[in-house]
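Following: one structure in C-alpha cells, then a few remarks.
Values in this text are rule-based calculations from the coordinates and carry no lab data. Note that this is a predicted model, so its numbers are computed, not measured. Counting neighbours? That spans all protein chains shown, and the Cβs are built from the backbone with ideal geometry, glycine included.
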Amino acid sequence: MDAPVAAATVADAAPAKRSFSDTLSVYLRRRVLIVMFLGFSSGLPLALSGTTLLVWMSEAGVDLGTIGLFALVGTPYTVKFLWAPLVDALDVPALSRLLGRRRAWLILSQLLLIAAIVFLALTDPAVNPWLVAFGALLVATVSATQDIVVDAFRVESLPESEQAVGMASYVFAYRIGMLASTAGALFLVSGFEALGFTKNGAWSAGYVAMAALVVIGMVTTLVATEPEKSARAVADHARHNALQRVIEAATGAKERLSLAPEQWLDVTIPPGINDGQVLRLRGKGGLGLGGGPAGDALIEVHVAPHPLFRRDGDNIQIDLPVSLAEAVLGARVTVPTVTGPVTMTIPKGSDTGAQLRLRGKGIQRKKGPGDQYVTLKVVIGPSGDPELAAFLEKWAPRHPFDPRQGTPG
C-alpha cells in the first residue's frame with residue numbers, strides 16, 4: 001500500500017509547466033531590461049565605423065582602394081582582449097568612488113564614445129579621408145571598451161538562472177542598435193538632405209544624432225545599480241595597486257582581513273581556489289569560554305567572474321576572435337593567459353568553434369597546472385570589404401558548399 005503513496009508524492013513534487021506569461025515576465029525584470037538597453041548601446045557604434053561610414057565615403061567620391069583599407073578600423077573589436085584585464089583591474093578616478101567600478105567605466109566609455117562620434121561627424125571624407133580613418137578608429141576602440149564593460153556588468157549583475165535570458169535580450173537589443181546606426185542613420189541623412197542640408201552636412205547631422213542616442217546607454221547606467229560582486233571588490237582595490245590586482249587574480253594572493261577593530265589577519269589565498277570554498281585557519285577565531293583555547297576562523301571565498309577568462313575545473317576557457325585571413329591561411333597570434341600573453345599558431349583552414357589547447361596555462365596548482373582551451377571565433381569585420389565581396393562572387397559558384405546540409409528542417 002506504500003508504493004502508490006510514494007508515487008503520488010513524486011508526482012506532486014514535479015515542477016508545474018510554466019505558462020507563456022511566466023516566461024515573458026522573466027524578460028521584463030528590471031536587471032534584464034537594464035542589460036537589454038546596454039546591449040542597444042553596444043550595438044549602436046558598430047556600423048558608424050563600418051558599413052554606414054563606407055556609404056558616406058562612397059557618396060563623397062573616395063576611391064575604392066581607400067575604402068577597402070577602412071575595413072582595418074574594426075581591428076579593436078578583434079584585439080580588445082589585450083586591454084580587457086586592465087579594464088577589470090583599474091578604477092576610474094573619482095567616478096569609481098561615486099558610481100562603482102563597472103558603472104564608472106560604462107559612463108567613461110559612453111562619454112568618450114559621444115565625443116568620438118561627434119569628432120567623426122565633423123570630418124569630411126572628400127577633404128581628408130585619413131582624418132576620417134582616425135575618427136573611425138577612435139569610435140571602434142571606445143566601442144570595444146564599452147563592450148568589455150557591458151559583458152562584465154551582465155555576468156556580475158544577473159544570477160545564473162537569468163544568464164541565458166540576459167544574453168538573449170542583449171543580442172536582440174544589440175541588433176536593434178546596429179539597425180538604428182545603419183538604416184536609421186541613412187533615413188536621417190536623407191531627411192536632412194530633404195531639408196536643404198548639403199550632402200556632407202546631412203551626414204554630419206546624422207552622425208551627431210547617432211551620438212545623441214548614446215545617452216540611452218548613459219541613462220541606463222545611471223539607473224542601474226552596481227553589481228554586488230563588483231561592490232565587494234572595491235575594498236580590495238583600495239588596498240592593492242592595479243598591477244598587483246592583475247597578477248594576484250591568477251596566481252594566488254595574500255589578503256589582510258579585519259576581524260575586529262585593530263585586529264588584522266593575513267590570509268594566503270591559494271591559486272585556483274573555488275568560489276564558495278571555505279578556508280579554515282586553526283586557532284585564529286574567538287577565545288574559548290572560560291579562557292579556553294581560541295577557535296578556528298572560517299573564511300568563505302567568493303571569486304568574481306573575469307570579463308575574458310572562464311574557469312572549468314583546473315582549465316581556463318577563452319574565446320579568441322580571429323580574422324578571416326588568419327583562419328584560412330593560418331597565423332601566429334598573441335593570446336592572453338592568466339600568467340601573461342603567449343604566442344599561438346592557428347592552423348590553416350581553422351573554423352569558428354575550433355578549439356586549441358595551451359598546455360600548462362590553466363589554473364596553477366602544486367599537483368600540476370591545468371590547460372587553457374582557446375575557442376576560435378572567425379570575425380569577418382565590422383564592414384564589408386569590396387575586394388573580398390568581388391572575389392567571393394567569382395569564387396563561390398565554382399566551389400559550392402552548404403554548411404547547413406543535413407540539418408533538420
Please compare each pair in K80/K361; K199/K394; K80/K394; K80/K367 to a cut-off of 24 Å on the Cα-Cα distance and tell me which ones are over it. K199/K394; K80/K394; K80/K367
Which length gain, in nm to one decimal place, applies between D124 and L86 when the Cα-Cα distance is subtracted from 0.36 nm times their residue separation? 10.3 nm
Using amide H atoms built in the peptide plane, which far-off residues or other-chain residues are under 5 Å from V378 H to H? V322, T352, G353
So if each residue of separation counts as 0.36 nm, and I subtract the Cα-Cα distance between T334 and L356, what length gain in nm does that give? 6.6 nm
Subtract the Cα-Cα distance of T23 and Q277 from 0.36 nm times their separation in residues, and report this length gain in nm to one decimal. 88.1 nm
Can you give the FRET efficiency for L195 and R310, using 1/(1 + (r/R0)^6), R0 = 56 Å, r = Cβ-Cβ distance, to the nearest 0.05? 0.65
